[in-house]
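Worksheet for the structure shown next.
The values are calculated or read from the model by the stated rules, or taken from the named source; none is laboratory data. Values in this document were obtained by computation on a predicted structure and should not be read as measured data. Virtual Cβ from ideal backbone geometry, glycine too; neighbours counted across all protein chains shown.
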Amino acid sequence: MRINEHYLTLEESYLFSEIAHRVARYTEAHPEADVIRMGIGDVTLPLCPAVVNALEAAGAEQGKKETFHGYGPEQGYDFLRKAVLEYYRERGISLELADIFIGDGAKSDLGNILDLFHEDNTVLIPDPVYPVYRDTNQMAGRRIQYLNATRENGFLPMPDWNQPADLIYLCSPNNPTGAVYTRDQLEEWVRYANQQGAVLLFDAAYEAFVQDPALPRSIFEIDGAKACAMEFCSLSKTAGFTGMRCGYTVIPGELQRGGVPLQALWLRRQTTKFNGVSYPVQRAAAAVFTPEGMAGCRKNLEVYRQNALLISQTLTDMGLWHVGGVNSPYLWMECPNGMSSWEFFDHLLQGPHIVGTPGSGFGKNGEGFFRLTAFGSPESTREAMARLRESC
Ligand code: PLP
């Protein structure tokens, strides 16, 4: 009996525990310090009324013999898949019902999708990165090549046409950097993926934050993407579903490799290993796509957007280089005066009592950078920015 030894190659994820440790140590020594947390990647506003009503109604249905639902379809109920289909159609993207798979969030699907791919595949992953892409591939022992995201390329790496690739991860708007790919840039990635015969794994978890109509919110806005890409979406940030758990993955029927439609493989995988998202959560998710649900979600998103704009404006006024914030809840700033990420962390904690996330925790190219998030309250964001202006 052998364990999967690839797990032993994973680096201990100490980023958030180290942050918690440093904050605890500081507040113990300075109990009067009013620390503002701007490192959180979780939403803080509650579900909107349309969603809560749907959740309650579906809960009540489960309590009656006539309306009780047992196991549902593994790929999701049609009422929700049709709502997702319509959400794409409104943006001019035509998909088939079979292309849509409901899941319990983007993280699970991003990890589980790797069941479909051979371990020998070469994987391109941006650095800095949402750590799930890296760790899930490392668990399977795949070769990882990093795409350098740097200040020079605006943290939006482009393909090196001489570099072979089988799987490519792109996340736009990006976590941790908040950078968003333009249409031209995504067109180049799609051309490259098609030329390589690679599969592009496009993480659109933050698409709802894109305001600029010129910026793509889906990879399927790009010609040729259906032949090479799948898209991972989440209601976590769009609708405050981090504690509800619901997302959707789009795998177009056109996406085939070795003569096999990947959609068919994913359906087989899901029907074997997954029993679907709970009925009440899917009803609540469907309510997100109704006019009332959309309006409620937009209201919450607007609060985060205003926070992000305020942070961005403050950094601009202070002459601090950054990306993100305009079409994204994340801001990625260069640490001032050549400070390292952790030096700046301590500086912000001890000075203005602001907690953010050191960029070095997301990859080697994150050193010297720092992530701030817009998921706090407007009051605490305003207070933090006032303190920041005074301190630097
Ligand atoms: N993708 C990115 C880039 C994320 O930042 C997150 C969550 O923070 C996820 C996916 C996971 O989202 P979910 O809550 O749907 O699993």
### Query
Does at least one position in the stretch 277-292 carry a residue that is closer than 22 Å to Phe375 by Cβ and either in contact with a Ser or Thr (Cβ under 9 Å, 6 or more places away or on another chain) or of a type in the set (D, E, K, R) (or both)?
yes
### Query
Tell me, which residue of the stretch 21-47 that is among the small types (Gly, Ala, Ser) and within 30 Å of Ala295 (Cα to Cα) is modelled with the lowest pLDDT?
Gly41
### Query
When you scan the stretch 76-125, how many residues do you find that are β-branched (Val, Ile, Thr) and not in a strand (DSSP E or B)?
3
### Residue match in the stretch 142-150 (condition: within 16 Å of the ligand (Cβ to nearest atom) and without any contact (Cβ under 8 Å) to a residue 24 or more places away in the chain)
yes
### Message
Condition first: over 27 Å from Ile222 (Cβ atoms) and either polar (S, T, N, Q) or assigned to a helix (DSSP H, G or I) (or both). Now tell me which residues in the stretch 65-75 satisfy that.
### Response
Thr67
### Message
Anything in the stretch 105-122 that is within 24 Å of Lys273 (Cα to Cα) and more than 10 Å from the ligand (Cβ to nearest atom)? List them, or say none.
### Response
Asn112, Ile113, Leu114, Asp115, Leu116, Phe117, His118, Glu119, Asp120, Asn121
### Message
As an exercise: evaluate Glu221 against (1) within 16 Å of the ligand (Cβ to nearest atom); (2) in contact with a Gly (Cβ under 8 Å, 6 or more places away or on another chain) and give the number of the one condition it does not meet.
### Response
(1)
### Search result, residues across the stretch 349-392 that are without any contact (Cβ under 8 Å) to a residue 24 or more places away in the chain and out of contact with any helix residue (DSSP H, G or I) (no Cβ under 7 Å at 6 or more places or on another chain)
Glu379, Ala386
### Query
Somewhere in the stretch 70-81, is a residue within 15 Å of the ligand (Cβ to nearest atom), of a type outside the set (A, V, I, L, M, F, W, C) and closer than 16 Å to Asp203 by Cβ?
no
### Query
Would you call Ile144 among the hydrophobic types (A, V, I, L, M, F, W, C) and either buried (at least 21 other Cβ atoms within 10 Å of the Cβ) or part of a loop (DSSP other than H, G, I, E, B) (or both)?
no
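For residues in the stretch 47-64 being more than 16 Å from the ligand (Cβ to nearest atom) and in a loop (DSSP other than H, G, I, E, B), which is farthest from His21 (Cα to Cα)?
Lys64
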### Query
Thr177 versus (1) within 19 Å of Gly361 (Cα to Cα); (2) free of Cβ contacts under 8 Å to residues at least 12 places away in the same chain: which is the lone unmet condition?
(2)
#### Entry: Criterion (closer than 30 Å to Val277 by Cα, more than 26 Å from the chain's Cα centre (by Cα) and at pLDDT 95 or above) met by exactly one of Ala50, Ala60
Ala60
## Note on the structure
Contact list, first residue from the stretch 81-101 and free of Cβ contacts under 8 Å to residues at least 12 places away in the same chain, second anywhere and in a strand (DSSP E or B) and of a type in the set (A, V, I, L, M, F, W, C), beta-carbon distance below 7 Å, six or more apart or interchain, is none
## Note on the structure
Selection from the stretch 63-93 of residues among the polar types (S, T, N, Q) and exposed (fewer than 14 other Cβ atoms within 10 Å of the Cβ) yields Thr67
#### Entry: Residue that is surrounded by the most Cβ atoms within 10 Å (Cβ to Cβ) [pool: residues in the stretch 159-175 that are in contact with a helix residue (DSSP H, G or I) (Cβ under 6 Å, 6 or more places away or on another chain) and in a loop (DSSP other than H, G, I, E, B)]
Pro173
### Query
Can you tell me which residues in the stretch 176-217 are among the hydroxyl-bearing types (Ser, Thr, Tyr) and surrounded by fewer than 23 Cβ atoms within 10 Å (Cβ to Cβ)?
Thr182, Tyr192
#### Entry: Pairs, first more than 17 Å from Arg25 (Cβ to Cβ) in the stretch 333-346, second exposed (fewer than 14 other Cβ atoms within 10 Å of the Cβ), C-beta under 6 Å, six or more apart
Glu334/Trp321
### Message
touching a Ser or Thr at 6+ places or on another chain (Cβ under 7 Å) and either more than 16 Å from the ligand (Cβ to nearest atom) or small (Gly, Ala, Ser) (or both): which single residue out of Ile93, Ile40 fits that description?
### Response
Ile93
### Summary
Selection from the stretch 340-363 of residues more than 25 Å from the chain's Cα centre (by Cα) and farther than 16 Å from Leu388 by Cα yields Ser340
### Query
Of the residues in the stretch 358-384, how many are surrounded by 24 or more Cβ atoms within 10 Å (Cβ to Cβ) and among the hydroxyl-bearing types (Ser, Thr, Tyr)?
2
